[in-house]
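Just below is one structure, and these are the notes that go with it.
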Amino acid sequence: MKTLAPKTGNSCFGCGADNPLGLKLTFHGDPEKGTAWTEFLPPHFLAGGANMMHGGFIALLLDEVSSKVLSMQGKRGVTRNLEISYQKPVNLSGPVRLEGSLIRHEGRKHFIKARILNPGGDVLAESEALFLVFNTSS
């Protein structure tokens, strides 16, 4: 098990310590299994209306946990594609769990599945992403 806590010098909205408006999420995972996850209580400024999370923030969270799958393995990359399926509203009155897992990789291409779940285990949103890992040999 590995933990990635927010770092100073990082202004990422999802995981950076230096963004005053950011979520400052801490992620856990298993580098060998290609997984990452976190649980948190979403703040109300993520609302899109009626105590539900805005769809853009749902996309951000799915992208964030997907990128942490790579970070757990000591890799860095960028999102090439992110396809989202919105299943149910993400209610802001309770905690949510973000989960990501590596499906496969082909060279620099890493295919990652992610999802957002409520405390009962219902899938609220899920995604499939293609990340391009930076070439670290140069």
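See the values below:
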item: Considering residues of the stretch 21-42 that are hydrophobic (A, V, I, L, M, F, W, C) and more than 10 Å from LEU92 (Cβ to Cβ) only, the residue surrounded by the fewest Cβ atoms within 10 Å (Cβ to Cβ); result: LEU21
item: Lone qualifier among PHE45, PHE57 - being of a type outside the set (Lys, Arg), surrounded by fewer than 17 Cβ atoms within 10 Å (Cβ to Cβ) and part of a helix (DSSP H, G or I); result: PHE45
item: Residue selected from the stretch 1-20 under the condition among the aliphatic types (A, V, I, L, M) and within 20 Å of VAL96 (Cβ to Cβ), by the criterion surrounded by the most Cβ atoms within 10 Å (Cβ to Cβ); result: LEU4
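Read-outs: derived from the displayed coordinates by stated rules, not from any lab. Bear in mind the structure is a predicted one, so any value in this text is a computation, not a measurement. Cβ atoms come from the backbone with ideal geometry, glycine included; neighbour counts cover every protein chain shown.
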